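Derivation of every value follows stated rules applied to the coordinates shown; laboratory data play no part. Remember, predicted model here, so these are calculated numbers, not experimental data. Because the Cβ atoms are built from the backbone with ideal geometry, glycine has one as well, and the counts that use them run over all protein chains shown.
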Amino acid sequence: MDKYKKQRARMLERQIRARGVSDERVLKVMEEIPRHFFVDEALLDQAYNDNPLPIGERQTISQPYIVALMTEALELTGSEKVLEIGTGSGYQTAVLSRLADRVISVERISSLAEKARKILERLKCFNVLIAVSDGSFGWKDEAPYDAIIVTAGAPDIPRTYIEQLARGGRLVIPVGGAHEQKLVRVVRGTLPDDLEYEDLGGCRFVNLIGEYGWKG
Ligand code: SAM
């Protein structure tokens, strides 16, 4: 077993299963995807640690447990069209790409988007479109989405995401202050105004900067 494979297995057991994530599809994919591809060379030995890591441009790759928790909350079965806001390193995008039919990921910083694109190509994640734009507007072109995941914290839930969520769809988003947020899951029912909110616990994300987020 190579060194990283061992580290991934340990990450799964100690950080993810141990904290209650049980969706076998999510666990399998996270056991397979080489997270170390998505971190800078100087941080390779920390790639499977239980914390976020810097990826440049003052942004981060999220903690593995948070990636697992948010992905599980989307309840993906393989047939979905997913919108991700905040591509960052592209790691979460790779996880989504193996669990859904199509992924649209929006990143506001073009250098990060470009780097992520290259790694996703190397991993043959051909069902992903990465767009450079203010993702607080969502991505109208391909709406509605069966699932929307926002990996940057917003002061409130942008209405654009609710508008672009399909009936029966799931939205997961960190909402709250600039330094601490609550992870919120919104499930859209079959009637137009039928929205169910669930608190998935505390978290710390970098800010969603844009028209419907924080003002940069
Ligand atoms: N999921 C990513 C990963 O696995 O590496 C981590 C994402 S990082 C915590 C948050 C990302 O959201 C940053 O790359 C940041 O540039 C991006 N972001 C912030 N505001 C945004 C916006 N309005 N539209 C698109 N991306 C945004």
Taking Lys81 as the residue in question, decide whether it is more than 25 Å from Arg17 (Cα to Cα), out of contact with any helix residue (DSSP H, G or I) (no Cβ under 8 Å at 6 or more places or on another chain) and of a type outside the set (Phe, Trp, Tyr). no
Here is a check on your reading of the model: is Val172 within 18 Å of Tyr145 (Cα to Cα) and either of a type in the set (Phe, Trp, Tyr) or within 14 Å of the ligand (Cβ to nearest atom) (or both)? yes
Residues that are in contact with a Leu (Cβ under 9 Å, 6 or more places away or on another chain) and in contact (Cβ under 8 Å) with a residue 40 or more places away in the chain, drawn from segment 39-61: Val39, Ala47, Ile55, Gly56, Glu57, Gln59, Thr60
Matching residues in segment 93-114 - criterion: being surrounded by fewer than 24 Cβ atoms within 10 Å (Cβ to Cβ) and not hydrophobic (A, V, I, L, M, F, W, C): Arg98, Asp101, Arg102, Arg108, Ser110, Ser111, Glu114
In segment 102-124, what residues are closer than 20 Å to Val172 by Cβ and outside any helix (DSSP H, G or I)? Arg102, Val103, Ile104, Ser105, Val106, Glu107, Arg108
